[in-house]
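Here the structure is laid out as structure tokens; the discussion comes afterwards.
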Amino acid sequence: MELIQKWKNRSWKKNVVSGCICFLVLAALITISLYVILNGSVRERDHKLPVFHVKEFNMSGLDQSLTENRISSQSFFVIETTNRGQHMDIWYDTFMLKLESQSKSISFGNGTVPGFYQGSKNTTFIVGNMTSLPAAGESLLADQQLLLQDARANQLLQLIIRIEVETRYSYGSRNKQIPTFTAEVSCKLDVNPQITAGSQLLWESCEVVQFDCLTDICH
């Protein structure tokens, strides 16, 4: 009888130990799973592409360009950019901008805007001008002149702003640094060139074409 009691006690102790081990293993697995999920969520919040929107646009000189048969224009723009990262700091060098037609390869000039630092969840307005500098003897081709004539008649000119800027950023609680790279942004616009005062903007859509790893894995 005593032997049976000892065996039962040992069996009970083994069950208790086994149960404790199973509980600890389960708790560890749950902890690891929560860490992976939460850490991934934090990384996703840290890694977000900045967004760009054209808020205002006005281009003058279309009539003069048609009269002279060469582009002679000046464009004013306001572009809004927002850093959506939760723990992300961005440093932009000088912005290089080019303005072109969406078809027929008409160049409406270039411009630059000074760079700036942008903290997490901050919005900044990029304000500047782009001016055409036609080469001596340069003139519009027949199909380019026809496109501008149609744009004036139909009050619709489709443009694209191409932006390049040397950029670096840091992210995360450990402030991981990403080396300098060339960021690229493309903004398509529909404008009414017949509006002489105020913004000519009818529609816009900007795409971040290149922003280090973020254009591939961090949308």
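The values are calculated or read from the model by the stated rules, or taken from the named source; none is laboratory data. This structure is a prediction, so every number in the text was calculated from the model and none was measured. Note that we place each Cβ from the backbone using ideal geometry, even for glycine, and neighbour counts take in every protein chain shown. SASA here: full protein model, heavy atoms, side chains in, ligands and nucleic acids out. Shrake-Rupley method; radii C 1.70, N 1.55, O 1.52, S 1.80 Å.
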At 7 Å along the Cα-to-beta-carbon direction for both S60 and L202, put a label point, then send me their distance in nm to one decimal. 2.2 nm
Once the Cβ-Cβ distance between Q102 and V51 is put in as r, and R0 is 22 Å, what FRET efficiency do you end up with, to the nearest 0.05? 0.55
Global form of the stretch 145-185, assessed from the alpha-carbon gyration tensor, a/c cut-off 1.5: prolate
Please turn the phi angles of the stretch 173-186 into ³J(HN,Hα) values with the Karplus equation 6.51 cos²θ - 1.76 cosθ + 1.60 (θ = phi - 60°), one per residue in order, whole Hz, x for glycine and proline. 5, 8, 6, 5, 9, 9, x, 4, 9, 9, 7, 10, 10, 10
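Can you tell me the relative contact order of the stretch 92-205? Whole percent, Cα pairs under 8 Å, sequence separation 6 or more.
On the way: 196 pairs, mean separation 28.9, N = 114.
Over the stretch 92-205, the number comes to 25 percent.
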For H47, H87, write out the residues from largest to smallest accessible area, computed with a 1.4 angstrom probe and no ligands counted. H87, H47
Residue by residue, what Karplus-based ³J(HN,Hα) values in Hz, rounded to whole numbers, does the stretch 149-157 have, using 6.51, -1.76 and 1.60 with θ = phi - 60° and x for Gly and Pro? 5, 5, 4, 5, 5, 8, 6, 8, 10
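In whole percent, how big is the carbon plus sulfur part of the accessible area of the stretch 103-219, probe 1.4 Å, protein atoms only? Display every interim value, and only then the final one.
Values: 3120 of 6530 Å².
Carbon and sulfur atoms account for 48 percent of the accessible area of the stretch 103-219.
Taking 0.36 nm per residue of sequence separation and subtracting the Cα-Cα distance, how much length would be gained by fully extending the chain between L133 and R174, in nm to one decimal?
Details: separation 41, 0.36 × 41 = 14.76 nm, distance 4.65 nm.
Full-extension gain reported as 10.1 nm.
Can you tell me the accessible area per residue over the stretch 120-219, all protein chains present, probe 1.4 angstrom, in square angstrom? The partial results should precede the final answer.
On the way: 5690 Å² over 100 residues.
Value returned for the stretch 120-219: 57 Å² of accessible area per residue.
Could you give the length gained by full extension between K121 and I160, i.e. 0.36 nm per residue of separation minus their alpha carbon distance, to one decimal place?
Working: separation 39, 0.36 × 39 = 14.04 nm, distance 2.67 nm.
Contour length minus the Cα-Cα distance gives 11.4 nm.
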Please list, in order along the stretch 66-82, the HN-Hα scalar couplings obtained from phi with the Karplus expression 6.51 cos²θ - 1.76 cosθ + 1.60 (θ = phi - 60°), rounded to whole Hz, x for Gly and Pro. 5, 5, 8, 6, 7, 6, 9, 9, 9, 10, 10, 9, 10, 10, 9, 10, 10
Probe radius 1.4 Å, ligands and nucleic acids left out: which of V165, V127 has the largest accessible area, and how do the rest follow? V127, V165
Whose amide H sits under 5 Å from the amide H of I106, counting only residues 5 or more places off or on another chain, with H placed in the peptide plane? S101
